[in-house]
Amino acid sequence: MSARDTILQALRTNRPTPQNHPLPPVVTLGDLDAGQERFITNLKILGGDVLEPVAGETLDDAIKRRHPDAKVICSTVPEAKGTLPVERIKTPQDVATVDVAVVRAAFGIAEMGSIFLSEAQLPINSFAHLAQHIVVLLSPDELTANMHTAYQTRGEFKSARYGVLMSGPSATADIQGVLIRGAQGVRSLSVWFA
């Protein structure tokens, strides 16, 4: 065995077991308001928006209204048909032509206006980052107050192999305080409550 293998084997052999060393309890801190209005306020602060339906409008209609120039719309949810079947997305390069990605978030965090996505919602981890725009379906019943309550009540933190919290579109700011949204990732993030 190499020195590396010897060290790794020693670490594996002497690793503490979870039963002997349980994690400390998580203290619930902060405001416990998990309301939709709080989520929307914080989402908008971070550059996200809500895609509000117009009377009789389907999700596909609302996406076309919000993104009239979008030619390639890829949906992972049955509520939106899109123009590109999600089954055709096999590699990150396949997302290069996607104008709008449509996904359902596992849950949202009201304190931050954030949505949680994992491999359960994304056909490829980069799907939510390489498209030009993202439309996120979110059930108002799946909102939690803050990171403390999310960690305590949402099993996705423990079961997901990959997880990301998104709070609006990507953004960057230089030292002069100029904020650019959509600089290195999605240019817009819209939430459709359903």
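I'd like the distance separating the alpha-carbon centroids of the range 103-180 and the range 1-55, in whole Å. Using only Cα atoms to place each centre, the spacing works out to 12 Å.
In terms of the Cα gyration tensor, with a ≥ b ≥ c the square roots of its eigenvalues, is the chain rounded because a/c is under 1.5, prolate because a/b exceeds b/c, or oblate? Verdict is prolate for the chain. Modelled spin-label separation between GLU52 and ARG12, with each label point placed 7 Å from Cα along the Cα-to-Cβ direction: 5.8 nm.
With a ≥ b ≥ c the root eigenvalues of the C-alpha gyration tensor of the range 39-149, is it rounded (a/c under 1.5), prolate (a/b larger than b/c) or oblate? Intermediate values should be presented prior to the final figure.
Working: a/c = 1.88, a/b = 1.30, b/c = 1.45.
Cα axes put the range 39-149 in the oblate bin.
Excluding ligands, DNA and RNA, what is the solvent-accessible area per residue of the chain at a probe of 1.4 Å, expressed in Å²?
Numbers: 11130 Å² over 194 residues.
Solvent-accessible surface per residue comes out at 57 Å².
Atom-type composition of the exposed protein surface of the range 42-194 places 53 percent of the accessible area on carbon and sulfur (1.4 angstrom probe).
Build a GNM of the chain with springs between Cα atoms under 10 Å apart, and of GLN176, GLN121, GLN132 the one that fluctuates most is GLN176. Between helix 36-45 and the chain there is an angle of about 90 degrees, using the helix long axis and the longest principal axis of the Cα atoms.
For the chain, a Gaussian network of Cα nodes joined below 10 Å ranks HIS67, HIS21, HIS133 by mean-square fluctuation, and the top entry is HIS21. Its Cα centre serving as origin, the range 108-194 has a Cβ charge dipole (Lys and Arg +1, Asp and Glu -1) of approximately 140 debye.
I'd like the projected area of the range 89-194, averaged over all directions, using the convex hull of its alpha carbons. Report it in nm² with one decimal. Write down the numbers at each step before the final one.
On the way: hull surface 29.7 nm².
Projected over every direction and averaged, the Cα hull of the range 89-194 covers 7.4 nm².
Based on the inverse mean of 1/r over its pairs of different Cα atoms, what is the Kirkwood hydrodynamic radius of the range 10-62, in Å? Please report the intermediate quantities before stating the final value.
Working: mean 1/r = 0.0610 Å⁻¹.
Every distinct Cα pair counted, the radius reaches 16.4 Å.
Each other residue within a Cβ distance under 11 Å of GLU79 adds +1 if Lys or Arg and -1 if Asp or Glu, for a net charge of +1.
Determine the shape class of the range 59-101: with a ≥ b ≥ c the square roots of the Cα gyration tensor eigenvalues, call it rounded for a/c under 1.5, and otherwise prolate if a/b is greater than b/c, oblate otherwise. Cα axes put the range 59-101 in the oblate bin. Among LEU117, LEU46, LEU29, the residue with the largest mean-square fluctuation in a Gaussian network model of the chain, with springs joining Cα atoms closer than 10 Å, is LEU29. The aspartates and glutamates whose alpha-carbon is closer than 18 Å to the alpha-carbon of LYS64, local same-chain residues fewer than 8 away aside, are ASP49, GLU52, GLU79, ASP99. Rounded to the nearest 10 degrees, the inclination of helix 3-13 to the longest alpha-carbon principal axis of the chain is 90 degrees.
The values are calculated or read from the model by the stated rules, or taken from the named source; none is laboratory data. Quantities reported herein were computed from a predicted structural model and do not represent experimental measurements. Here Cβ is always computed from backbone atoms with ideal geometry, including for glycine, and neighbour counts include all displayed protein chains. Please note that ligands, DNA and RNA were not included when accessible areas were found on the heavy atoms of the full protein model with its side chains. Shrake-Rupley method; radii C 1.70, N 1.55, O 1.52, S 1.80 Å.
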